[in-house]
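Notes for the one structure printed next.
Just so it is clear, none of the values below were taken in a lab; they were calculated from the coordinates. Remember, predicted model here, so these are calculated numbers, not experimental data. Neighbour counts run over all protein chains shown; Cβ positions are idealised from the backbone, glycine included.
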Amino acid sequence: MRIKNLKFKRAVSLYFALILMSLILALALGVSALLFSQIKVIRGLGDSVVAFYAADSGIERELYEKNTPPFEYSGFLDLNKNRIVSSQDCPAGLEDDPGDACYLVKGIPPGPDCQAEIVCIRSYGFFKGVSRAIQAVK
């Protein structure tokens, strides 16, 4: 009887250890899934900042040029200094050189799309699949 009881205790402790290891594995996999998703978000944050500054470059260019609305133009920022010039508009032209950024500027006259008195300037910045927009009034 004593040998049977000893085997039963070994089987229960083996079963308990297996369940405990499964719980620890599930917890570790859950934490690693959260960490990987956060790393992906943090990696995209830098691209978002570059896209924002590309949009800001478009606003600055329009404040310098002072075009009359309606207008639309784009420009490229050679961030990796390889001097590849795209023949396409922004953002389609980024396929030629994905290390660069571009901006698309639109001037909208007063009306339903622009509640300003003079003109709205909308600038969209693009970098590595991330886009950001800024609107200014002049």
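General remarks:
- Entries of K66/K128; K66/K106; K40/K128; K81/K128 with Cα pairs more than 21 Å apart: K66/K128
- Pairwise FRET efficiency - I42 versus L14, Cβ, R0 = 35 Å, nearest 0.05: 0.25
- Direction-averaged projected area, Cα convex hull, segment 21-70: 4.7 nm², rounded to one decimal.
- Translational D in µm²/s for the chain (Stokes-Einstein at 10 °C, 1.306 mPa s, Kirkwood Rh from C-alpha pairs): 83
- The magnitude of the dipole of segment 2-137, with charges of +1 and -1 set on the Cβ of Lys/Arg and Asp/Glu and taken from the Cα centre, is near 2020 debye.
- Relative contact order, whole percent, for the chain stands at 25, derived from Cα pairs under 8 Å and 6 or more residues apart.
- Of V41, M21, G58, farthest towards positive along the dipole that unit charges on Lys, Arg, Asp, Glu beta carbons give the chain: M21
- Per-residue Cβ neighbour rank within 10 angstrom, fewest leading, F52, F71: F71, F52
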